[in-house]
Amino acid sequence: MVLRRQLEHLVELSQLRHVEIQVMPTEAEENAGPGGSHRVLKLGDGKTLGLNEVQLISGLISDPRQVQILDMRYNLLGSQALTPRLSREFIEKLLGET
């Protein structure tokens, strides 16, 4: 029941105009994301920072070269994942199976 509610919530969020959800297919064994979770933060003053979160280590990255690498990896992940529409369809399919 918990998984079902989480999937329903993702579908609800995916319908918001300012939210994009993309699912990485499990069969995509080689992708740009196995290094752990990361975020690229683009601030209002034009500065860009990276936030890297991996097991036991988490940190803010301000070195422009390292932030650029994270940004490129983020964009690559987006191109490897399902489109937002296909991701929503995938989640809805999972909902039908739960």
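The values are calculated or read from the model by the stated rules, or taken from the named source; none is laboratory data. Since the model is a prediction, treat every value here as computed from it, not as a measurement. Here Cβ is always computed from backbone atoms with ideal geometry, including for glycine, and neighbour counts include all displayed protein chains.
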Item to check | Every residue from the stretch 34-55 that is outside any strand (DSSP E or B) and under 24 Å from MET24 (Cα atoms) | outcome: PRO34, GLY35, GLY36, GLN55
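Quick grid of which residues meet (1) under 20 Å from PHE90 (Cα atoms); (2) modelled with pLDDT under 90; (3) within 12 Å of the chain's Cα centre (by Cα):
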{"position": "LEU16", "(1), (2), (3)": "yes, no, no"}
{"position": "ASP45", "(1), (2), (3)": "no, no, no"}
{"position": "THR48", "(1), (2), (3)": "no, no, no"}
{"position": "LEU77", "(1), (2), (3)": "yes, yes, yes"}
Next on the checklist: On the basis of being aliphatic (A, V, I, L, M), without any contact (Cβ under 8 Å) to a residue 24 or more places away in the chain and either on the phi < 0 side of the Ramachandran plot or part of a loop (DSSP other than H, G, I, E, B) (or both), does ILE21 make the cut?
Outcome noted: no
Checklist entry - In the stretch 1-42, which residues are surrounded by 11 or more Cβ atoms within 10 Å (Cβ to Cβ), β-branched (Val, Ile, Thr) and closer than 23 Å to ASP71 by Cα? => result VAL19, ILE21, VAL23, VAL40
Checklist entry - Would you pick out the residues in the stretch 79-98 that are in contact (Cβ under 8 Å) with a residue 60 or more places away in the chain and over 16 Å from the mean Cα position of the chain (by Cα)? => result GLU92, LEU94, LEU95, THR98
Checklist entry - Looking at (1) modelled with pLDDT of 90 or more; (2) not assigned by TED's automatic domain parsing to the domain that holds VAL19, which is the one condition that is false for LEU95? => result (2)
Item to check | Residue that is farthest from the chain's Cα centre (by Cα) [pool: residues in the stretch 18-43 that are modelled with pLDDT under 90 and polar (S, T, N, Q)] | outcome: THR26
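Could you count how many residues in the stretch 4-18 are among the basic types (Lys, Arg) and in contact (Cβ under 8 Å) with a residue 24 or more places away in the chain?
1
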Checklist entry - Restricting attention to the stretch 56-93, which residues are part of a helix (DSSP H, G or I) and of a type in the set (Asp, Glu)? => result ASP71, GLU89, GLU92
Next on the checklist: Which pairs turn up if I take residues in the stretch 43-66 that are loosely packed, with under 12 Cβ neighbours inside 10 Å and look for partners that are of a type in the set (D, E, K, R) with beta carbon separation below 9 Å, at least 6 apart in sequence or on another chain?
Outcome noted: GLU53/ARG39; GLY59/GLU53; SER62/LYS47
